[in-house]
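Asks: Below is a structure I'd like to ask you about.
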Amino acid sequence: MPDEDSGHILLIEDDAALRGVLAGNLERGGHRVIVAADGIAGLDQLKTPGLEVVLLDIGLPFVNGWRILESLDGRRQPSVIVISARGEEADKVRALDLGADDYLTKPFGAGELLARVRAVLRRVRPAEEKRQLVSCGDVVVDLGSRVVTKAGKEVRLSPTEYVLLAELARNAGRLMDQRVLLSRVWGPSYAGDRAYLRTFIKRLRHKLESDPAAPGVIVTVGRQGYRFGAPPEVDTERR
Ligand code: CA
């Protein structure tokens, strides 16, 4: 098992000076780092076994970061943190839509970078849970093995998609406030960042709901939050 705080990271960044600084920061943070200076080298390095996190620049020679994200196609691993000078909400939403787990706008400090990487690693390697099945309709979440099935077939989820779904499933039938979900899944500084939650809920519904337009597994509750499945029936016949 790898050290709890050290990850296997691929850094795809064409700016040589920045690449050197970031790789140095990550190594001092205890991580193993491999680097790629352009999109083609990046796609090649993505085949490295055991990669846990990719730090992905968007503006890259040959193959840009958007196309690299598309090529990953929502794969479960590695997790992707986009690092980009483009700070607009639309770029952030686009990256999350394409399967990125997080988005860091340049410039950022070493502390911020290491905190984001740690947060992603926590989602990739969560604490062990007892085997517990939670279901809604034909969707079954196994909180022990982290396997999610729909109609008996495994559903491929990214680490962050899984952590969000597990948080809802663990609290099945209960309203989960948006701010609580954001801070539990992404961290306390994200509590107001609803774009993350909306994007990931949309992705989960697309994968899990029979009709994503009329969701029955992840239900929207007013403007406050979401609920996994139906609320528990109220026991009116007390004995
Ligand atoms: Ca660049």
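The values are calculated or read from the model by the stated rules, or taken from the named source; none is laboratory data. Note that this is a predicted model, so its numbers are computed, not measured. So basically every Cβ, Gly included, is an ideal-geometry build from the backbone, and we count neighbours across all protein chains shown. With ligands, DNA and RNA removed, areas are computed over all heavy atoms of the protein, side chains included. Shrake-Rupley method; radii C 1.70, N 1.55, O 1.52, S 1.80 Å.
Asks: What do you reckon, is L56 modelled with pLDDT of 95 or more, open to solvent by 40 Å² or more (accessible area, probe 1.4 Å) and within 14 Å of the ligand (Cβ to nearest atom)?
Replies: Here the answer is no, as L56 does not meet what is asked.
Asks: Need pairs with beta-carbon distance below 9 Å; first residue among the charged types (D, E, K, R) and open to solvent by 60 Å² or more (accessible area, probe 1.4 Å) and within region 14-27, second in a helix (DSSP H, G or I) and within 14 Å of the ligand (Cβ to nearest atom); sequence gap 6+ or separate chains.
Replies: D14/G39
Asks: Would you confirm, using the coordinates I've provided, whether I40 is more than 25 Å from G111 (Cβ to Cβ), free of Cβ contacts under 8 Å to residues at least 24 places away in the same chain and surrounded by 13 or more Cβ atoms within 10 Å (Cβ to Cβ)?
Replies: Yes, satisfied.
Asks: Next question. I want to confirm something. Restricting to region 28-37 and keeping residues that are open to solvent by less than 60 Å² (accessible area, probe 1.4 Å) and over 24 Å from R67 (Cα atoms), which single residue is nearest to the chain's Cα centre (by Cα)?
Replies: Looking at residues that are open to solvent by less than 60 Å² (accessible area, probe 1.4 Å) and over 24 Å from R67 (Cα atoms), I get H31.
Asks: In the list V134, V120, which residue meets the criterion of being surrounded by 17 or more Cβ atoms within 10 Å (Cβ to Cβ), part of a strand (DSSP E or B) and β-branched (V, I, T)?
Replies: Only one candidate passes the filter, namely V134.
Asks: Here is a check on your reading of the model: is D102 in contact (Cβ under 8 Å) with a residue 24 or more places away in the chain, within 13 Å of the ligand (Cβ to nearest atom) and either crowded, with 17+ Cβ neighbours inside 10 Å or of a type in the set (S, T, Y) (or both)?
Replies: Against the criterion (in contact (Cβ under 8 Å) with a residue 24 or more places away in the chain, within 13 Å of the ligand (Cβ to nearest atom) and either crowded, with 17+ Cβ neighbours inside 10 Å or of a type in the set (S, T, Y) (or both)), D102 does not qualify.
Asks: If L22 meets every condition in (1) within 19 Å of T105 (Cα to Cα); (2) touching a Gly at 6+ places or on another chain (Cβ under 9 Å) apart from one, which number is that one?
Replies: Exception for L22: condition (2).
Asks: Please give the number of the condition S71 fails out of (1) away from the ligand (no atom under 14 Å from the Cβ); (2) under 19 Å from the mean Cα position of the chain (by Cα); (3) free of Cβ contacts under 8 Å to residues at least 24 places away in the same chain.
Replies: For S71, the failing item is (3).
Asks: Scan region 15-68 for residues that are among the β-branched types (V, I, T), closer than 19 Å to R86 by Cβ and out of contact with any strand residue (DSSP E or B) (no Cβ under 8 Å at 6 or more places or on another chain) and report the count.
Replies: Number satisfying all stated conditions: 1.
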